[in-house]
Amino acid sequence: MKTGTNPRFTRLLSLITLTFSIIAISVSPASAQTDQDLVEVARSVVKADRQAIVVATMQLTDTESRDFWPLYHEYRFEMEKVADGLMKLVLEYSKLYPNVPEGRAREMLKEYIDLQQKQVDRRAAYLKRFSKVLPAVKALRFAQVETRLDLAVQLQLAASVPLVPAGGDK
């Protein structure tokens, strides 16, 4: 059983990680508008990189591409709506840090849980739709690629967002 990874995918994933690292290093305390601008630039770079990785790893036929890409763009639009909510939460957290009031922390946790559930629900619904336009092996491959890309983004975000101080505001 072949267990190696695609070297092209690994290089592209490294490029995304490098892009996020550069953006994270360049982020310094600034106005909310500047933070929002940085987020938008990072997201546009990731969007382009993500699509390039999908192209490189999916190896779709012309027939598969015809059905896949419109659904892919619809899927990414829906997933980006969830990501918008997460980014809004992160930006708010950055403004409050390190003094996150207990009540707001509770609300933020609820919002975070709701957004995570939306992400899981939407992904599951779309993966079912992808399995109708792609052979099962390629639909599974797409799920794997998306999972790896999301994990790379989440890892970079987690590395740049400090933990809430344990003492917290009560």
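The values are calculated or read from the model by the stated rules, or taken from the named source; none is laboratory data. Values in this document were obtained by computation on a predicted structure and should not be read as measured data. With ideal geometry, Cβ positions are generated from the backbone for all residues, glycine too; neighbour counts draw on all protein chains shown. Surface areas here come from the heavy atoms of the whole protein model, side chains and all, with no ligands, DNA or RNA. Shrake-Rupley method; radii C 1.70, N 1.55, O 1.52, S 1.80 Å.
What is the dipole size for the stretch 45-94, taken about its Cα centre, with +1 at each Lys and Arg Cβ and -1 at each Asp and Glu Cβ, in debye to the nearest 20? Write down the numbers at each step before the final one.
Values: 6 positive and 9 negative charges, 28 e Å.
With Lys and Arg at +1 and Asp and Glu at -1, about 140 debye.
Please work out the FRET efficiency for the pair Leu163 and Val45, using the Cβ-Cβ distance as r and a Förster radius of 35 Å; give the result to the nearest 0.05.
Working: r = 26 Å, r/R0 = 0.75.
Step by step, r from the Cβ atoms, then E = 0.85.
For the pairs Lys47/Lys128; Lys118/Lys138; Lys47/Lys81; Lys88/Lys118, note any where the Cα-Cα span goes beyond 18 Å. Working shown, then result.
Numbers: Lys47/Lys128 22 Å; Lys118/Lys138 24 Å; Lys47/Lys81 13 Å; Lys88/Lys118 15 Å.
Going by Cα-Cα distance, Lys47/Lys128; Lys118/Lys138 fall outside the 18 Å limit.
For the pair Lys95/Val120, report the inter-label distance in nm, with labels modelled 7 Å from Cα in the Cβ direction.
That separation, rounded to one decimal, is 3.0 nm.
Using a probe of 1.4 angstrom, how much of the accessible area of the stretch 39-168 is carbon and sulfur, in percent? Can you show the working numbers first?
Numbers: 4740 of 7730 Å².
The nonpolar share, carbon plus sulfur, comes to 61 percent.
How big is the charge dipole of the stretch 38-147 about its Cα centre, in debye rounded to the nearest 20, if each Lys and Arg gets +1 on its Cβ and each Asp and Glu gets -1 on its Cβ?
On the way: 19 positive and 16 negative charges, 38 e Å.
The dipole magnitude comes to about 180 debye.
Applying the Karplus parametrisation 6.51 cos²θ - 1.76 cosθ + 1.60 with θ = phi - 60° to the phi angles of the stretch 155-166, what ³J(HN,Hα) value in whole Hz is obtained for each residue in order, glycine and proline being reported as x?
Karplus values, whole Hz, x for Gly and Pro: 4, 5, 5, 4, 5, 9, 10, x, 5, 5, x, 4.
For the stretch 70-167, what is the convex hull (Cα atoms) projected area averaged across all directions, in square nanometres?
Mean projected area of the Cα convex hull: 6.7 nm².
Multiplying the sequence separation of Lys128 and Leu140 by 0.36 nm and subtracting their Cα-Cα distance, what value in nm do you get? Display every interim value, and only then the final one.
Values: separation 12, 0.36 × 12 = 4.32 nm, distance 1.03 nm.
Taking Lys128 through Leu140 to full extension adds about 3.3 nm, to one decimal.
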